[in-house]
Amino acid sequence: MHWRFLKLDWGYALGELVIVVVGVLIALATDAWNDDRLARLEEAELVARLINDLERDVDRLEYGLGLLTGKSESLDRVYATLVEGELEPSDPAAFLDDVIDGAQYGWNQVSSRRVTFDEWLGSGKFGLIRDPKLRVGIAEYYALDESVRARINERETDYPHLSYRLVPRENEFDLQPGLPVEEIQRLVAGVFASPLRDHVIAEINLARFMRLRLAALRAEGLRLNERLHAHLGAKL
């Protein structure tokens, strides 16, 4: 009986191996490219959402700064009347309006929209933003926001709550309409007899502090928004 030994064709085998390896490498490269593409799309979504949040923050801060200007002007008039003036203001209804307006931002602080930031930070996907300096800038903006809110809360006075109890309102910002003259005079007398005057100076100082800090936060939000727009346009 004769055995026939097949001679191995090494050239053919090596060729087959190269084909398999190249195929695997191409598949891996394709998967990596697709994963990177999906990551870039997710990054673009994150940046776009952050831009939207920041733009709304900036608009709300701008509106709030306008309210704070009115608050300061009203408090100055309340101080001039309640602390330095006569017992009877020249315009009692206007005086009560100023008491109300002086309480602006006493309990209705503007807060940033941080749902996107918190969501992505908690999911561990915040690292999708490839620029580490931009990630630091985003984190610093929200840290500054928290710091500003905390420092404002530390300086809160009893002025807003006292004024709320002393002056009836149609809503948070307006004197109740249709009050008779006698009732308005009674309310003014109640304000003068209350401890409200003891908190006017502190509320004036708080309004100035808030205006400075919120203006700084708005400026930081504008700068960060520009950086996010540039990142979205240049790299995604």
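Numbers for the structure displayed
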{"item": "DSSP-assigned coil residues among chymotrypsin sites (Phe, Trp or Tyr not before Pro) in the range 88-119, each with at most 11 further Cβ atoms within 10 Å", "result": "107"}
{"item": "R0 of 35 Å, Cβ-Cβ distance residue 222-residue 90: FRET efficiency to nearest 0.05", "result": "0.25"}
{"item": "Model label zone, residue 186; criterion: amide N under 13 Å from point 7 Å along Cα-to-beta-carbon; scope the range 144-179", "result": "168, 179"}
{"item": "Table column - 3J(HN,Hα) (Hz), the range 148-154, Karplus curve with 6.51, -1.76, 1.60, x for Gly and Pro", "result": "4, 4, 5, 5, 5, 4, 5"}
{"item": "Spin-label pair residue 139/residue 118, simplified geometry with 7 Å Cα→Cβ offset, distance in nm", "result": "1.9"}
{"item": "Long-range amide H partners of residue 169 with built H, under 5 Å", "result": "176"}
{"item": "Residue 205 versus residue 230: modelled label distance in nm, points set 7 Å from Cα along the beta carbon direction", "result": "4.0"}
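Since every read-out is calculated from the coordinates, none of them should be taken as a lab result. Just so we're clear, the structure is a prediction, and the values are computed from it rather than from any experiment. All Cβ positions, even for glycine, are placed from backbone atoms using ideal geometry, and neighbour counts span all protein chains on display.
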